[in-house]
Amino acid sequence: MSRRGLLRTLGTGAATTLAAACGVPAAYVAPSDRSRSDLSATDKRLTWANWPLYIDTDDEDESRRPTLDAFEKRTGIEVTYTEEINDNDEFFGKVSPSLMNHQETGRDLMVISDWMCARFVRLGWVQEMDRSRQPNVTRYLDPQLRSPAFDPGRGYTVPWQSGITGIAYNRRTVGREIRHVSDLWADDLKGRVTLLSGLDEAFALLMQGNGVDITKWTADDFHTVCEQVEKLVRTDHIRRFTGNDYIKDLSSGDVLACQAYSGDVIQLQADDPDIEFVVPEEGAELWSESLMIPNLARHKANAETLVDYYYEPSVAAELAAWVNYVCPVPAAQDILASAKDEETAALAEDPLIFPDTAMRKRLAIARDITAKERTEFAKRWNAIAGL
């Protein structure tokens, strides 16, 4: 099972949690109230919250995490690593009471999806990182990920891993190439197409199919997509809306084409080379899940040191070889290419880990949904998707 597949299984209460999370009143925290005395110099430890299956593990001992073990040995910083993030909204609901009430969360570092990072940044719930402690981030961060609209210059967030939302299909059973979003609506695919159920996961690719620049999409663009999808639902063209269970549908042949994540498809291709991942001609969404330091974290400098460690190309390469998402450190490609193991070296040529120039031209980071837009848009989309 992929990491995203597991987190969807674990996060079955997300809809309930979302309602609870949205009920938490927003409480902006001014910059002067975000920090507390840093204990890093004398207290060599930190606590890091991440998603399941999102770091390298030892093949013979899954309790060992080679890159993290090496960091602890090198720096003397003890890391308490927790795989507690199963859903963005669920985690928001878990930490928001502390953050809005100017209390410590008990975490020094956390990884959440950029659309949720945008909410934390807007609320002033995370601290700006000190780039003087992060020369690797400054030097090696992928230029295409350096300045999203919600965090220009990436002062508050640093991508952990990235990925692409595109189209997956079985080339053998479809019998032709899929190159455009509109190809999903061909008559012979009726009833055998799925879309992602989450608003933030689904909307950008569908807009791109309409020729929209997703870096500056409008409410009209959103409602146009909704009207199109509503019609496809009424005519039974769309089989259903999914989390990561599209993986099972695509593998079994129940679904011929679907909206999908690049990292999942790499794993599917190991078992079925006929499964293809497509970045449509109109483009696809490039997204990230990013590291942030929450307000009042007591080991900020230690956390900044760890973030920078994972931007060393050799470390980023080791991580990329295990998680198989888009690596935010392009310089890691040469490290993998020089690997003695042929299977590892082949990863350097995989455009779903290191997108080539042609693919990059079709990738864009969508502007996030604003707080004002979210209630209205989520209500309409969730009604369509049956959430």
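The values are calculated or read from the model by the stated rules, or taken from the named source; none is laboratory data. Values in this document were obtained by computation on a predicted structure and should not be read as measured data. In this analysis, Cβ positions are derived from the backbone assuming ideal geometry, glycine residues included, and neighbour counts consider all displayed protein chains.
Taken over the range 187-227, residues that are surrounded by 14 or more Cβ atoms within 10 Å (Cβ to Cβ), touching a residue at least 40 places away in the same chain (Cβ under 8 Å), β-branched (Val, Ile, Thr) and in a helix (DSSP H, G or I) amount to 1. Restricted to the range 333-374, and to residues there that are hydrophobic (A, V, I, L, M, F, W, C), free of Cβ contacts under 8 Å to residues at least 40 places away in the same chain and in a helix (DSSP H, G or I), the residue that is surrounded by the fewest Cβ atoms within 10 Å (Cβ to Cβ) is 358. Within the option set 341, 356, 334, being under 20 Å from residue 166 (Cβ atoms) and out of contact with any Gly (no Cβ under 9 Å at 6 or more places or on another chain) holds for one residue only, 356. Restricting attention to the range 151-178 and to residues that are under 28 Å from residue 273 (Cα atoms) and polar (S, T, N, Q), the residue that is farthest from the chain's Cα centre (by Cα) turns out to be 173. Residue 230 satisfies every condition listed in (1) crowded, with 17+ Cβ neighbours inside 10 Å; (2) among the charged types (D, E, K, R); (3) in a helix (DSSP H, G or I) except (1).
Matching residues to (1) out of contact with any Gly (no Cβ under 7 Å at 6 or more places or on another chain); (2) farther than 23 Å from residue 365 by Cβ:
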| site | (1), (2) |
| --- | --- |
| 190 | yes, yes |
| 201 | yes, no |
| 217 | yes, no |
| 222 | yes, no |
| 233 | yes, yes |
| 239 | no, yes |
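Could you check the range 205-251 and list, in sequence order, the residues that are of a type in the set (Lys, Arg) and out of contact with any Ser or Thr (no Cβ under 8 Å at 6 or more places or on another chain)? Within the range 205-251, 216, 231, 234, 248 meet the criteria. In summary, helices (runs of 4 or more DSSP H) completely within the range 27-136 and bearing 1 or more residues that are surrounded by fewer than 20 Cβ atoms within 10 Å (Cβ to Cβ) and of a type in the set (Gly, Ala, Ser) occur at 66-75, 88-100. What pairs can you find where one residue is in the range 246-261 and under 12 Å from residue 189 (Cα atoms), the other is of a type in the set (Phe, Trp, Tyr) and in a helix (DSSP H, G or I), and their Cβ atoms are less than 8 Å apart, with a gap of 6+ or different chains? Close Cβ pairs satisfying both conditions: 255/246; 258/246.
Entry remark, the range 63-90: residues being of a type in the set (Phe, Trp, Tyr) and out of contact with any strand residue (DSSP E or B) (no Cβ under 6 Å at 6 or more places or on another chain) number 1 in total.
Taken over the range 117-130, the residue count meeting the criterion of being over 19 Å from residue 365 (Cβ atoms) and either of a type in the set (Gly, Ala, Ser) or in contact with a Gly (Cβ under 8 Å, 6 or more places away or on another chain) (or both) is 3. Applying the condition of being over 23 Å from the mean Cα position of the chain (by Cα) and aliphatic (A, V, I, L, M) to the range 67-97 and asking which residue is farthest from residue 48 (Cα to Cα) yields 70. Within the range 269-295, the set of residues being surrounded by 21 or more Cβ atoms within 10 Å (Cβ to Cβ) and either basic (Lys, Arg) or part of a loop (DSSP other than H, G, I, E, B) (or both) comprises 279, 283, 293, 295. For the range 332-376, filtering for residues that are of a type in the set (Lys, Arg) and in contact with a Phe, Trp or Tyr (Cβ under 8 Å, 6 or more places away or on another chain) leaves 1. Would it be correct to say that residue 92 is among the aromatic types (Phe, Trp, Tyr), at pLDDT 95 or above and touching a Leu at 6+ places or on another chain (Cβ under 8 Å)? Against the criterion (among the aromatic types (Phe, Trp, Tyr), at pLDDT 95 or above and touching a Leu at 6+ places or on another chain (Cβ under 8 Å)), residue 92 does not qualify.
Candidates 131, 171, 122, 154: the one that is touching a strand residue (DSSP E or B) at 6+ places or on another chain (Cβ under 6 Å) and of a type in the set (Lys, Arg) is 171. Of the residues making up the range 308-322, not a single one is β-branched (Val, Ile, Thr) and touching a Leu at 6+ places or on another chain (Cβ under 8 Å). Of the numbered criteria (1) modelled with pLDDT of 95 or more; (2) out of contact with any Gly (no Cβ under 9 Å at 6 or more places or on another chain); (3) not assigned by TED's automatic domain parsing to the domain that holds residue 130, the one residue 254 fails is (1).
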